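All of the numbers you see were taken from the coordinates with simple rules; none came from a lab. None of the values given here were measured: they were computed from a predicted structure. For neighbour counting, all protein chains shown are included, and Cβ atoms are generated from backbone atoms with ideal geometry for every residue, glycine included.
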Amino acid sequence: MTHPAAPHPNTQVQVPGGVPVLPGPPAVRAGRLAELGLDRRPRPDLDEAATALGRAADADYAMVNILTQDGQWFAGLYRAPRPHLPLIPRTMPLTDGFCPALTARGGLALVLTDVHDHPRLRSNAVVDQLGIRSYVGAPLIDPATGITLATLCFINTTALPQKTEHDQLHLIKTRRDELNPRLFHPALPATP
């Protein structure tokens, strides 16, 4: 699958106030998520994908995030074994975090090496409550509907060096491209 080239990874993100509007008709979204087994049923393979991403990125957290009309839920979740990191639940409102904003980016990945550099993002529940300073994410677009149903991301409680943003972008896009076929065609075998 070909994805449009991303602008400079730290391009200012426009995040609208209030609850983001997810793309696609709600009934189509809900039906497709149920069809794919992504309607809040555990998928150990997605925990494995999040863990592999988190370890590759040396990240504090990594997620495969399913976006529903009712909120976000982490079908895949990784938390680094660092004692200072709080446990996080598998659900989050659409108003929190950065993944819902990816649905409005036309399929583009996003690297925020330091969310404090972005006035509209520096106050957010994940920043305020978890101390998140950096975010790297990519949308997971269902080829059958063209709708972003999920995202893949990793986050850290420290800022990332700006000189690493292109490497971070390459990593998230590579992992997105590996996961996308498995997510939307679950019968396919996992890649090593």
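Just want the ordering: Thr68, Thr148, from fewest to most Cβ atoms lying within 10 Å of their own Cβ.
Thr68, Thr148
GNM on the chain, alpha-carbon springs under 10 angstrom: the most fluctuating residue among Pro119, Pro139, Pro23 is Pro119.
Computed over the alpha-carbon atoms, the chain gives an Rg to Rh ratio of 0.92, Rh here being the Kirkwood radius from the mean inverse distance. For the stretch 123-129, the Karplus equation 6.51 cos²θ - 1.76 cosθ + 1.60, evaluated at θ = phi - 60°, returns couplings of 10, 7, 4, 6, 6, 5, 8 Hz by residue, with Gly and Pro reported as x.
Residues considered: Leu87, Leu121, Leu169. Largest GNM mean-square fluctuation over the chain, using C-alpha springs under 10 Å, is found at Leu87. With contacts taken as Cα pairs under 8 Å at a separation of at least 6 residues, the chain carries a relative contact order of 23 percent. Phi angles across the stretch 83-98 convert, under the Karplus curve 6.51 cos²θ - 1.76 cosθ + 1.60 with θ = phi - 60°, into 3J(HN,Hα) values of x, 7, 7, x, 6, 10, x, 7, 10, 7, x, 5, 7, 9, x, 10 Hz, Gly and Pro given as x. Karplus-derived 3J(HN,Hα) values for the stretch 166-178, using 6.51 cos²θ - 1.76 cosθ + 1.60 with θ = phi - 60°, are 5, 5, 5, 4, 4, 4, 5, 5, 5, 5, 4, 5, 6 Hz; glycine and proline are entered as x. Within the listed set Ala159, Ala101, Ala49, the Gaussian network model of the chain (springs between alpha-carbon atoms below 10 Å) gives the highest mean-square fluctuation for Ala159.
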